[in-house]
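The values are calculated or read from the model by the stated rules, or taken from the named source; none is laboratory data. Treat the numbers as computed from the prediction; the structure is a model and nothing was measured. Cβ coordinates were reconstructed from backbone atoms using ideal geometry, including for glycine residues, and neighbour counts include every protein chain displayed. Note: areas computed on protein heavy atoms with side chains; ligands, DNA, RNA excluded. Shrake-Rupley method; radii C 1.70, N 1.55, O 1.52, S 1.80 Å.
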Amino acid sequence: MQPIVIIGSGLAGFNTVKEFRKLDKDTPIVMLTSDDGRNYSKPMLSAGFTKEKTADDLCMATPEKVAEQFNVEVRTDVHVAEIDPSGKRVLLPDDHLDYSKLVLALGADTWTPPLEGDAVGDVFSVNDLMDYGKFRAAVDGKKTVTILGHKTQVVYSLNYPNNKCDRTTRK
């Protein structure tokens with residue numbers, strides 16, 4: 001039997017596995033993720049910053065724990081090259097994976113404005129736990145953080161003690 005393949009390990013992918021396993025404990029499932037596969041609560045990416053939490057602190061389960069708990073194979077750091085729907089095959093850079101059913105749980109993409117200047121390398125988009133870890137390390141000890149965005153809950157939650165946040169929004 002070919003597995004169900006889920007592309008994405010965020011909330012949609014994780015909840016798909018969790019809810020499917022309530023109905024069927026045995027059908028093989030393979031979860032493919034381009035990141036490190038740690039399970040976390042996305043709202044905690046902003047709330048965790050004000051509470052001085054690291055990315056590791058926000059991790060609720062490792063991919064190994066998810067695999068064990070839900071009888072699923074989790075493949076991390078995998079980049080899908082192509083999907084062949086007629087052949088029911090996911091093509092990977094050096095391999096392929098046949099499937100019985102395919103779930104695309106890709107999540108949201110960030111919008112990055114066109115930027116120029118000598119600080120472009122210091123601009124971060126925080127959309128997942130790995131992004132958060134890089135951002136957290138980069139701003140550690142900094143006194144000023146400039147936020148570009150439209151999510152005021154995120155902007156305000158980053159206005160933490162001993163730091164000054166500039167707020168710039170786009171419409």
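Within region 107-142, the set of residues being among the aliphatic types (A, V, I, L, M), in contact with a helix residue (DSSP H, G or I) (Cβ under 8 Å, 6 or more places away or on another chain) and farther than 18 Å from MET44 by Cβ comprises ALA138 only. The residue of region 55-94 that is nearest to ILE4 (Cα to Cα), among those that are in contact with a strand residue (DSSP E or B) (Cβ under 6 Å, 6 or more places away or on another chain) and free of Cβ contacts under 8 Å to residues at least 12 places away in the same chain, is ARG89. Given the criteria at pLDDT 85 or above and open to solvent by less than 80 Å² (accessible area, probe 1.4 Å), does SER100 qualify? Spelling it out, SER100 is indeed at pLDDT 85 or above and open to solvent by less than 80 Å² (accessible area, probe 1.4 Å). Does at least one position in region 13-24 carry a residue that is assigned to a strand (DSSP E or B) and either farther than 21 Å from ASP98 by Cβ or in contact with a Leu (Cβ under 8 Å, 6 or more places away or on another chain) (or both)? No, that holds for no residue.
How do the pairs read when you match residues in region 37-54 that are over 10 Å from ARG136 (Cβ atoms) and part of a strand (DSSP E or B) with residues anywhere that are modelled with pLDDT under 85 and of a type in the set (Lys, Arg), using Cβ under 8 Å and keeping only pairs 6 or more apart or on different chains? Final answer for the pair search is none.
Residues that are assigned to a strand (DSSP E or B) and free of Cβ contacts under 8 Å to residues at least 60 places away in the same chain do not occur anywhere in region 110-130. For residues that are polar (S, T, N, Q) and buried (at least 16 other Cβ atoms within 10 Å of the Cβ), tally how many sit in region 1-26. Going through region 1-26 one residue at a time, the tally reaches 2.
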